[in-house]
Amino acid sequence: MIRILAPAFITASLMAGLPSTSEALALAFPGATLTRKEHWLSEPQAQRVKELAGTPLAGLWQVAYEARREGSLLGVAFLDTHRVRTLPETVLVAVSPDGRILRVELLAFREPQDYIAKEAWLRQFDAKRLEPQLSLKGAMRPLAGSTLTANALVDAARRGLALEQVLYGEAK
């Protein structure tokens, strides 16, 4: 018998049945035409995102996926990779043009599966705006036994909303 050992982080994401980036984008924007855009934030833009989100960005280079149908912008999605406890997770945050979360989708989770956020918990982000109530002390239910995961996901959602506002909303 031959056993192939995969790194734990690969096995963990596969076991969780997490979607690919393309699958998550299709869930957020069914039937839309997607365009990948790279943004290099200026220091003032990054500072503005940090102020709005209440949490810093990992870097100035940000990738957005713009979703359009018949030329109209349906929304924009950002990938957010961050550390939960000691290992990273990647989340897609899709935001509507009016600054509401359309979908938060977990793409990669490297921590033990006991700490992963379930689909039902993630759906509580839907339609939320960037406001003080978007926190675990506000409108978001805690995630029993997974406080670090919950905090990381709330921070990612806030960064996604802040990025949409700075890159797309404040220019309107």
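The values are calculated or read from the model by the stated rules, or taken from the named source; none is laboratory data. Everything numeric in this text was worked out from a predicted model, so none of it was measured. Heads up, the Cβs are rebuilt from the backbone with ideal geometry, glycines too, and the neighbour counts pull from every protein chain shown.
With respect to the conditions (1) crowded, with 18+ Cβ neighbours inside 10 Å; (2) under 16 Å from the mean Cα position of the chain (by Cα), Leu74 falls short on a single one, namely (2).
Just one of the numbered conditions (1) touching a Phe, Trp or Tyr at 6+ places or on another chain (Cβ under 8 Å); (2) surrounded by 14 or more Cβ atoms within 10 Å (Cβ to Cβ); (3) at pLDDT below 95 is not true of Gly145: (2).
If the condition is being charged (D, E, K, R) and on the phi > 0 side of the Ramachandran plot, then region 49-102 contributes only Glu70. Out of curiosity, is Glu164 loosely packed, with under 14 Cβ neighbours inside 10 Å and either of a type in the set (D, E, K, R) or under 22 Å from Leu60 (Cα atoms) (or both)? The answer is no for Glu164.
Is there a residue in region 44-60 that is modelled with pLDDT of 95 or more and part of a strand (DSSP E or B)? No, region 44-60 contains no residue that is modelled with pLDDT of 95 or more and part of a strand (DSSP E or B). Restricting attention to region 47-104, the residues that are of a type in the set (A, V, I, L, M) and more than 16 Å from Ala127 (Cα to Cα) add up to 14. The set of residues in region 89-121 being closer than 30 Å to Thr33 by Cβ, of a type outside the set (A, V, I, L, M, F, W, C) and in contact (Cβ under 8 Å) with a residue 40 or more places away in the chain consists of Glu89, Pro97, Gly99, Arg103, Glu105. Number of residues in region 20-57 that are within 27 Å of Pro132 (Cβ to Cβ) and either of a type outside the set (Gly, Ala, Ser) or surrounded by 12 or more Cβ atoms within 10 Å (Cβ to Cβ) (or both): the value is 18. Just one of the listed residues (Arg100, Arg123, Arg110) is of a type in the set (D, E, K, R), loosely packed, with under 15 Cβ neighbours inside 10 Å and over 10 Å from the mean Cα position of the chain (by Cα), and it is Arg123.
When you scan region 141-160, do you find a residue that is without any contact (Cβ under 8 Å) to a residue 12 or more places away in the chain, aliphatic (A, V, I, L, M) and assigned to a loop (DSSP other than H, G, I, E, B), even just one? Yes: region 141-160 contains one or more residues that are without any contact (Cβ under 8 Å) to a residue 12 or more places away in the chain, aliphatic (A, V, I, L, M) and assigned to a loop (DSSP other than H, G, I, E, B).
The residue that is nearest to Ala117 (Cα to Cα), among those in region 161-172 that are of a type outside the set (Gly, Ala, Ser) and either in contact with a helix residue (DSSP H, G or I) (Cβ under 7 Å, 6 or more places away or on another chain) or assigned to a helix (DSSP H, G or I) (or both), is Leu161. Residues in region 85-96 that are over 16 Å from Leu25 (Cβ atoms) and either surrounded by fewer than 20 Cβ atoms within 10 Å (Cβ to Cβ) or more than 13 Å from the chain's Cα centre (by Cα) (or both): Arg85, Thr86, Leu87, Pro88. Might you let me know whether region 92-104 holds any residue that is touching a strand residue (DSSP E or B) at 6+ places or on another chain (Cβ under 6 Å) and hydroxyl-bearing (Ser, Thr, Tyr)? Yes - at least one qualifying residue is present in region 92-104.
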